[in-house]
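Comments concern the structure below.
The values are calculated or read from the model by the stated rules, or taken from the named source; none is laboratory data. Everything numeric in this text was worked out from a predicted model, so none of it was measured. As a convention, Cβ positions derive from the backbone with ideal geometry for all residues, glycine included, and neighbour counts pool all protein chains shown. The accessibility values were calculated without ligands, DNA or RNA, using every heavy atom of the protein model including side chains. Shrake-Rupley method; radii C 1.70, N 1.55, O 1.52, S 1.80 Å.
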Amino acid sequence: MNRAFAAIIIISSILLMTGCGGGDEDKAALPSDKNVQIAVWEDQRQADTLLYTYLNDDDPQIRARACYALGIIEPEGASAYIADLLNDTQSDVRIEAVFALGLIGDSLYSEKVIPLLFDPDSKVVHQSAIALGKMGGDSAVNALMSFARDTIPEHRAWAAEGLWRADADTAVELLKEMVTDSVESVEEAAVYALRRLEAESAAGNLRFRLKDTIPEIRMYAAEGLRAIKDSASLMALSNQLSRDREWEVKASILRAIMEVGDRRIIKALMNLLAAREHPLVTGMGLSLIGKFEMEALFPKIQPFLNHEEKFLRGEALIALAQLDRTKLMNILMSELENYDWYLRMKSAEALEYIKTPEAANLLEKLLADPDHRVRTAALYSLAEFDFVEMERYLGDAFGDPDPAVTSTAIELITKLKLNQFTEKILDIYEDQLDQADANLRFSILYNLNGWVVDSQIIDENILELLNKALEDTDRNVRKLAIDIFAMTGVDKSEYLGYFDPMITASTYDDFYGRFDENPIAEINTDRGQIRVELLYDKAPKTVANFIKLAESRFYDDVIFHRVVPNFVIQAGDPHGDGFGGPGYTIRSEFNRHEYTAGTMGMAHAGKDTGGSQWFICHSPQPHLNARYTAFGQVIYGLRIVDRILVGDKINSIEIIYPEDK
């Protein structure tokens, strides 16, 4: 019997027995348009019984739409019904079905996906390889290993992707062979797979690929050597650092050296700091001098202490703290009051390495700084001092007017297991219950898994807080509480419930029917303009939210608060430190757009927790695919993306509508 048809019979029986889902009021309230119905359920994260029946709809667009909705909702048992659409006559439906199965990741259904590796539609084949990797299991791995020997190069590359997603250690020898494939795209995919699998036996292969002509392969090789902490590769990394011309590759090499390096890289670092390198590369070089305590390179640091780029001045302060604490203290005693918030924050970070009473006194002074980012940094640094009694500082932090400082205190209390503060944490949570913005409550719950010891919640105040969180008005807070209880073997999933819908019959077109073509965002920064095609066709709700915020001037004067070399630049937080947002969250819209250089994605602290923060990639990041909502692609200004440093400002964001292009 067709599974979707069986679902109709089963669901009808459930409705008759329970009386659920069929009242006249419910029917009257339900929009008649099936697309609207699906959008509402997807937005609520509610797998309504009718949604399953739409898998058997006559309209292939409805079948595909229902597949995606069930995949993003991930209800228990949905894979059984989605799997029947793997044989649909329409390739668009098959693509959505296999993508949905990949999102859910149930290995029980990998056998049904394997035949689609030979589907006539190449898009179906690609998604099948990815889905098998996410689903995992011996059958999936064996099929992917066989597929990796296919005569079609794209198939071999897709198989490599599936194998690292499946965490297939048994495929390492095969992937090592693929590193020498005659097709560059296959080589690149194989090197990346070895990097993700952290294959120690592939150290020689990765070392050899440091000299590859393709920058991405060199980058992935360096990252792989970092992942396996291959100290034997140090000189190969050092030599390539001196000869490579791509700053992204140099950043990956320096990150590897941070894991495996020692003082033998002193010559390479001297050359790097003497050259006009990308500021992010120079900053990493300064960090290495401090990490390996290369006192001989102090003269190389000195010019950066007064550099015009305050990012480099901050990195130089931290490096100096590890080389000569007396010099650093002398500088801070005379210059600290003249520093802006960023350099005061970096000074607080640098003082972590001093660990003297004088440094502790200076950090105590910084706890009263007018900028919350400085106070937060001072708290983190003081927590590293063995002789400091943190209880007093953490207790004072509870009275801080900024929620990020309070959240930091709770994080440190959890780390240090200071049980005397748990009643106060409970009080803070209760005081926040009437706040529409659940950000601080979410942050409190986010840190509480540290109180689970040997599968037990060891504090009665924390237990009471978790029980209250099960009935929080915010679904994401309830989800965190459920996850913590699950760590103790207790199932509280009945408390999860649904999101309040943003989508209704009257607002549907505002989200899904607004544009026939993708709009453009012009992001005007201190460094220049970045033009982004907003992927309305792939993430309409996320794009609509971004446009709403941009046009309300929400992003004006907001800084890039996070920059990770050769990874991402991140902005969108009016709080300026990654803690803030718009006061609400939006649902994730994971999609098939791949994260390449210039892809714009929604930052989050877990599925469905995004709001206003977003990032743009410096380089390809395949591991982000379908894990973060991709909703934009840079079409102009990649060089500007590369130049952005922490603290750079967004002056404005202008939206260009399709009719105005």
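In what sequence, largest accessible area first, do Ser201, Ser506 appear using a 1.4 Å probe?
Ser506, Ser201
Determine the share of the chain's accessible area contributed by carbon and sulfur atoms, expressed in whole percent, with a 1.4 angstrom probe.
Whole-percent figure for carbon plus sulfur exposure: 47.
For the chain, take the convex hull of the Cα atoms, compute a quarter of its surface area, and give me that in nm², please.
30.9
With respect to the cross-link table entries Lys607/Lys661; Lys365/Lys479; Lys607/Lys649, which display a Cα-Cα separation exceeding 30 Å?
Listed pairs above 30 Å: Lys607/Lys661; Lys365/Lys479.
Tell me whether the range 394-505 comes out rounded, prolate or oblate; compute the Cα gyration tensor, take square roots of the eigenvalues as a ≥ b ≥ c, and use a/c under 1.5 as the rounded threshold.
oblate
Please give me, ordered by residue number, the chymotrypsin sites (Phe, Trp or Tyr not before Pro) of the range 318-423 that lie in loop per DSSP and have at most 12 other Cβ atoms within 10 Å.
Here the sparse-neighbourhood loop sites are Phe387.
Straight distance only, please: which lysines reach the Cα of Lys229 with their own Cα at less than 30 Å, same-chain residues fewer than 8 apart left out?
By straight Cα distance, Lys229 reaches Lys134, Lys176, Lys211, Lys250, Lys267, Lys291, Lys300, Lys346, Lys355, Lys415.
Could you list the GluC sites (Glu not before Pro) in the range 479-528 that lie in coil according to DSSP, counting only those with at most 12 other Cβ atoms within 10 Å of their Cβ?
Glu517
When ligands, DNA and RNA are left out and all protein chains stay put, how many square angstrom of accessible area per residue does the range 518-579 have with a 1.4 Å probe?
Result: 30 Å² per residue.
Need one value: the accessible area of Ile331 in square angstrom, 1.4 angstrom probe, rounded to the nearest 10.
Its accessible surface works out to 40 Å², give or take rounding.
What number, in percent, do you get for the relative contact order of the range 30-182 if the mean sequence gap of Cα pairs under 8 Å and at least 6 apart is divided by its residue count?
15
Identify the trypsin sites (Lys or Arg not before Pro) of the range 376-457 meeting these criteria: DSSP loop state and at most 16 other C-beta atoms within 10 Å of the C-beta.
The qualifying sites are Lys417.
With r as the distance between the Cβ atoms of Ala486 and Lys424 and R0 = 25 Å, compute the FRET efficiency 1/(1 + (r/R0)^6) and round to 0.05.
Computed FRET efficiency for Lys424 and Ala486: 0.45.
Quote the convex hull volume per residue of the range 247-343, based on C-alpha atoms, as a whole number of Å³.
Considering the Cα atoms of the range 247-343, their hull volume per residue is 92 Å³.
Just the accessible area per residue of the range 163-235, please: how many Å² with a 1.4 Å probe?
41
From largest accessible area down, sort Met270, Met345; use a 1.4 Å probe on the protein chains.
Listed by decreasing accessible area, they come as Met270, Met345.
Where the centroid of each part is defined by its Cα atoms, how far is the range 500-517 from the range 426-457 in Å?
What the calculation gives is 33 Å, centre to centre.
Enter the accessible area of Phe567 (Å², nearest 10), with the probe set to 1.4 Å and all protein chains included.
50
Rolling a 1.4 angstrom probe over the protein heavy atoms, how many square angstrom per residue are accessible across the range 286-347?
46
Which of the aspartates and glutamates could be linked to Lys538 by a straight reach, that is with a Cα gap under 18 Å, when you skip same-chain ones fewer than 8 residues away?
Glu42, Asp43, Asp92, Glu96, Asp509, Asp510, Asp516, Glu517, Glu589, Glu594, Asp608
At 1.4 Å probe size, what's the solvent-accessible area of Thr282? Round to the nearest 10 Å².
10
Per DSSP H run of n ≥ 4, the term is -39500 (n - 2.57); total these for the chain, divide by its residue number, and report the mean residue ellipticity at 222 nm rounded to 500 deg cm²/dmol.
-15500 deg cm²/dmol
Order Asp526, Asp400, Asp138 by their accessible area, 1.4 angstrom probe, all chains in place, largest first.
Per-residue accessible area, sorted high to low, gives Asp138, Asp526, Asp400.
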